[in-house]
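Visitor: Here you go, one structure.
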Amino acid sequence: MLRIGLISDTHNLLRPQAVSFLRGCDHIVHAGDVTSPTVLRELTALAPVTAVRGNNDKGSWASGLRETELIRFEEIFVYVIHDVEQLDIEPGGAGVRAVVFGHSHKPSMAERDGVLFINPGSAGPRRFELPVSVAELIVSGSEVSGRTIELVVQHGT
């Protein structure tokens, strides 16, 4: 069994609450809008990291980030993209069991046609009245489940 930590839209803010949640993960997936290589270095100190480029990831440091990633964990494939509206594959037909995305800052999870779509929301600066959140995938063989978690942070931060 693998625990995959999911984080997105950190916008150069890696909160200690997010670090605490991600500690002990087997792998971390960042679904874009990192905005700083420092965030990736700090995450890599916790576990191996796969990250995609978001619309705010600019500059030479971000040139190494791809728009999408396809990762295999045990017997499943996970597809990572920042903006799910730009999804360029039919996940079920491609053998993908989970799609991880960000961009909206809204945590969500839904299963469609046997594919789990999960947005960890934003773990960075609070946007509007949206929660500050992260998520995880639990992978066991060919099975995958997920959950989103609202982080407890000072309101307005």
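Visitor: Taking Ser104 as meeting all but one of (1) in contact (Cβ under 8 Å) with a residue 24 or more places away in the chain; (2) within 15 Å of Thr10 (Cβ to Cβ); (3) surrounded by 17 or more Cβ atoms within 10 Å (Cβ to Cβ), write down the number of the exception.
Guide: Evaluating Ser104 over (1) in contact (Cβ under 8 Å) with a residue 24 or more places away in the chain; (2) within 15 Å of Thr10 (Cβ to Cβ); (3) surrounded by 17 or more Cβ atoms within 10 Å (Cβ to Cβ) leaves (1) as the failure.
Visitor: Taking the stretch 61-76, which residues are part of a helix (DSSP H, G or I) and not small (Gly, Ala, Ser)? Before the answer, list the steps.
Guide: Initial filter on the stretch 61-76 (part of a helix (DSSP H, G or I)): 61-64.
Passing the criteria: only Trp61.
Visitor: Determine if the stretch 74-83 includes at least one residue that is in contact with a Leu (Cβ under 7 Å, 6 or more places away or on another chain), farther than 19 Å from Thr148 by Cα, surrounded by fewer than 20 Cβ atoms within 10 Å (Cβ to Cβ) and touching a residue at least 60 places away in the same chain (Cβ under 8 Å).
Guide: The answer is yes, given that some residue of the stretch 74-83 is in contact with a Leu (Cβ under 7 Å, 6 or more places away or on another chain), farther than 19 Å from Thr148 by Cα, surrounded by fewer than 20 Cβ atoms within 10 Å (Cβ to Cβ) and touching a residue at least 60 places away in the same chain (Cβ under 8 Å).
Visitor: Could you please let me know if Phe128 is of a type in the set (Phe, Trp, Tyr), surrounded by 19 or more Cβ atoms within 10 Å (Cβ to Cβ) and under 26 Å from Val19 (Cβ atoms)? Break it down into steps so the answer makes sense when it comes.
Guide: Values: of a type in the set (Phe, Trp, Tyr): yes; surrounded by 19 or more Cβ atoms within 10 Å (Cβ to Cβ): no; under 26 Å from Val19 (Cβ atoms): yes.
The answer is no for Phe128.
Visitor: Something else now. Which ranges mark the strands (runs of 3 or more DSSP E) fully within the stretch 1-60 that have 1 or more residues being under 14 Å from Glu136 (Cβ atoms) and either at pLDDT 95 or above or touching a Gly at 6+ places or on another chain (Cβ under 6 Å) (or both)?
Guide: Hits in the stretch 1-60: 2-7, 27-30.
Visitor: Within the stretch 132-145, how many residues are of a type outside the set (A, V, I, L, M), surrounded by 13 or more Cβ atoms within 10 Å (Cβ to Cβ) and either touching a Lys or Arg at 6+ places or on another chain (Cβ under 8 Å) or farther than 14 Å from Gly102 by Cβ (or both)?
Guide: Residues meeting the conditions: 3.
Visitor: Here are Thr44, Thr38, Thr68: which of them is β-branched (Val, Ile, Thr), more than 11 Å from the chain's Cα centre (by Cα) and surrounded by 14 or more Cβ atoms within 10 Å (Cβ to Cβ)?
Guide: The match here is Thr68.
Visitor: Can you tell me which residues in the stretch 128-146 are touching a residue at least 40 places away in the same chain (Cβ under 8 Å) and farther than 19 Å from Gly93 by Cα?
Guide: Val132, Val134, Ala135, Glu136, Leu137, Ile138, Val139, Ser140, Gly141, Gly146
Visitor: Something else about it: Go through the residues of the stretch 12-29 one by one and say whether even a single one is of a type in the set (Val, Ile, Thr), farther than 24 Å from Glu111 by Cα and touching a residue at least 24 places away in the same chain (Cβ under 8 Å).
Guide: yes
Visitor: Okay, next question. Of all residues in the stretch 1-23, which are β-branched (Val, Ile, Thr) and within 21 Å of Gln154 (Cα to Cα)?
Guide: Listed by number, the residues that qualify are Ile7, Thr10, Val19.
Visitor: Hey, among Arg147, Arg97, which residue is over 15 Å from Ile28 (Cα atoms), of a type outside the set (Val, Ile, Thr) and either at pLDDT below 95 or assigned to a strand (DSSP E or B) (or both)?
Guide: None of the other options fit; the residue is Arg97.
Visitor: Can you find even one residue in the stretch 85-96 that is within 13 Å of the chain's Cα centre (by Cα) and touching a residue at least 12 places away in the same chain (Cβ under 8 Å)?
Guide: Just the residues of the stretch 85-96 that are within 13 Å of the chain's Cα centre (by Cα), to begin with: none.
Checking the stretch 85-96: not a single residue is within 13 Å of the chain's Cα centre (by Cα) and touching a residue at least 12 places away in the same chain (Cβ under 8 Å).
Visitor: Can you confirm whether the stretch 64-73 contains a residue that is at pLDDT below 95 and either of a type in the set (A, V, I, L, M, F, W, C) or out of contact with any strand residue (DSSP E or B) (no Cβ under 7 Å at 6 or more places or on another chain) (or both)?
Guide: Yes, because at least one residue in the stretch 64-73 is at pLDDT below 95 and either of a type in the set (A, V, I, L, M, F, W, C) or out of contact with any strand residue (DSSP E or B) (no Cβ under 7 Å at 6 or more places or on another chain) (or both).
The values are calculated or read from the model by the stated rules, or taken from the named source; none is laboratory data. The model shown is predicted, which means the values in this text are computed figures rather than measured ones. When we count neighbours, we look across all protein chains shown, and the Cβ atoms used for this are built from the backbone with ideal geometry, even at glycine.
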